[in-house]
Amino acid sequence: MTGTKPKGKNPSPKARPAPKNRRKRKDTGMSWRDSVAMCVKNLFRRKVRTVLTVSGVIIGTCAITVMISLGIGMQKTLDETLAQLGDLTIIQIYNYGTTTETPLDDSMLEQIRARDDVVAVTPVVSAYSSSFDNFTISSGRYTYNGQVTGVDFNALKEMGYSFDQGGFPEGEDMSNMIVFGPDALYNWMDRKNNYVNQIPDAEGNIPDPYVDVMKDKIELTINRQDEQNTKRPPEYKITCTGVFTSDWEKNPAPNYSVFMDVHYLQSLQDAYNKYNSVKVDRTKVKSYDQVIIKVADMNDVEDVEAFVQGFGFQTSSMESVRKPIQDQANQQQMILGSLGAISLFVAALSITNTMIMSVYERTREIGVMKVLGCSLSDIRGVFLLEAGCIGFIGGVIGVVVSYVISFVINRYGGMGGGDMSMGISTSIGGSSIIPWWLAIGAVAFATLVGLVSGFSPANRAVKISALTAIKQE
């Protein structure tokens, strides 16, 4: 009958809405708990093979850790030995008899100071205080008869000089201010030319010097060159601001000298010339004979020396001693590290072989996993996790064994030998240091080696056909 709606299905083309409470399809992927459980189960399934593979990683990790620790210990011993020879960041400029037309004056020193890798620069001008020299330092009936050194006190601050008493002169004008070295205190003599001896008495006490430089009055007098000169010599009141701590590693050494500002020392020379009517060649360019440079790091010494030598000046530093010894030490460390790396490379091959055998033995298991809906990343992850666990376990045990070996080396000695030229030993004898970063790095590296070694077998596993795999017995 026309015009009537047929009973049954709705002919409307619109699709029916999905039920709101329909459950989502479960993900058939493996959870991390399942992956860990399967990893542990498979590792213990072939205990002997797992133990042998882990042993290879232990040996490799132990070898590379101990070798690097010996290199670190050797480097530390080398640095300590070189430090005893002097400051490795000091450069000396010698300007004796150089033919360069560039004067080593204050302008040149400013160019050197402008470098970012230079910490401090000071000229070193030597003079003497006695009745036969340009001036005399005295205190009452005592006269100082010893060396005087003109320096830049601001530079000495940067160079780390320390004091037994007092400190550095302060202020912009450092004229009439001096600092004594600890041994220079005993360079005072009386009118009979007697000195106080520094030899300890029976009780081990060293006698006090004639003059207490921090309390007694000190004067500086310009000496008379000609006895017929009847003019009164210039006299200056001097203030001692401190006494240096003995330190022979510093350059200039603060022990046997009185230090004063270099420009004040030059002004005393001018006062001497004026008082004694000494003719001076005004056209002669003033130039320092010796300058000390302190750089920021010992690795900057070579660049700064090249910069200074470019002006025609002669330089000297510990770089000529340090560099060949450092190159030899680096070569030895490279050899030691290579030996350890070879051992770990052999362990990596062992892990790869173990995982390939595991793939062949578990072909049917891989097929079942694919049929059950496990993703390729899940299957790959299982094998990578096993390889990573082998590397991690071997790395942890290897580091523990390395600490034991390091203790034995440090306690009972090790390999002797070395280069004893110039009194410096570059041997690795009895010195093994395993810092925390090396221990963590060794475990991480062993784990990474395990993961890399297991990557190829894991890819082989995911390429196996599911149908072929489940048919295999």
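The values are calculated or read from the model by the stated rules, or taken from the named source; none is laboratory data. Because the structure is a prediction, the values reported are computed rather than measured. Backbone-built Cβ (ideal geometry, glycine too); neighbour counts: all protein chains shown. Surface areas here come from the heavy atoms of the whole protein model, side chains and all, with no ligands, DNA or RNA. Shrake-Rupley method; radii C 1.70, N 1.55, O 1.52, S 1.80 Å.
Taking amide hydrogens as modeled 1.01 Å from N in the peptide plane, which residues meet the under 5 Å criterion relative to S375, leaving out close sequence neighbours?
Under 5 Å from the amide H of S375 lie the amide H atoms of M30, each far enough along the sequence or on another chain.
Please give me, ordered by residue number, the trypsin sites (Lys or Arg not before Pro) of segment 220-316 that lie in loop per DSSP and have at most 14 other Cβ atoms within 10 Å.
Within segment 220-316, the qualifying trypsin sites (Lys or Arg not before Pro) (loop, at most 14 other Cβ atoms within 10 Å) are K231, K279, R282, K284, K286.
So which aspartates and glutamates pass the test for K41, namely a Cα distance under 17 Å, with those fewer than 8 places away in the same chain ruled out?
E361, E365, D378, E386
Mind listing the long-range amide H neighbours of N134? Cut-off is under 5 Å, sequence gap 5 or more, other chains count too, H placed in the peptide plane at 1.01 Å from N.
Residues meeting the amide H criterion: Y128.
Starting from the Cα gyration tensor of segment 63-201, take the square roots of the eigenvalues, sort them a ≥ b ≥ c, and report rounded, prolate or oblate (rounded when a/c is under 1.5, otherwise prolate if a/b is larger than b/c, else oblate).
It is oblate, given that a/c is not under 1.5 and a/b is not larger than b/c.
Rg (Å, one decimal) plus Dmax (Å, integer) for the alpha carbons of segment 211-287?
16.1, 46
Using only Cα atoms, locate the centre of segment 31-61 and the centre of segment 95-168, then give the distance between them in Å, rounded to an integer.
Centre-to-centre distance over Cα atoms comes out at 70 Å.
Sticking with the crude label model, points 7 Å out along Cα→Cβ, report the distance from V321 to Q84 in nm, one decimal please.
Label at V321, label at Q84, 1.1 nm between them.
Over 23 Å between Cα atoms: which of K157/K284; K192/K250; K231/K279; K217/K250; K47/K370; K157/K274 fall into that group?
K157/K284; K192/K250; K217/K250; K47/K370; K157/K274
Give me a comma-separated list of calculated 3J(HN,Hα) values for segment 328-339, in order, Karplus coefficients 6.51, -1.76, 1.60 applied at θ = phi - 60°, integers in Hz, x for any Gly or Pro.
Karplus-based 3J(HN,Hα) across segment 328-339 equals 5, 5, 4, 5, 5, 5, 5, 5, 5, x, 5, 4 Hz.
Calculate the spin-label point distance for V278 paired with I356, positioning each point 7 Å from the Cα along the beta-carbon direction, and give it in nanometres.
Distance between label points: 8.8 nm.
Over the alpha-carbon set of segment 138-186, work out the extent along each principal axis and list the three values in angstrom, largest first.
Principal-axis extents of the Cα atoms in segment 138-186, largest first: 35, 22, 18 Å.
Between L448 and Q111, what is the spin-label point distance in nm, taking each point 7 Å from the Cα along the Cα→C-beta axis?
Those two pseudo-labels are separated by 4.7 nm.
For segment 161-228, just the Cα set please: Rg and Dmax, both in angstrom.
Final numbers for Rg and Dmax: 15.7, 51 Å.
To the nearest 10 Å², what's S338's accessible area with a 1.4 Å probe?
60 Å²
Got a sec to turn the phi values of segment 289-306 into Karplus ³J(HN,Hα) couplings, 6.51 cos²θ - 1.76 cosθ + 1.60 with θ = phi - 60°, whole Hz, x for Gly and Pro?
8, 9, 9, 10, 10, 10, 9, 5, 9, 5, 6, 8, 4, 4, 5, 5, 4, 5
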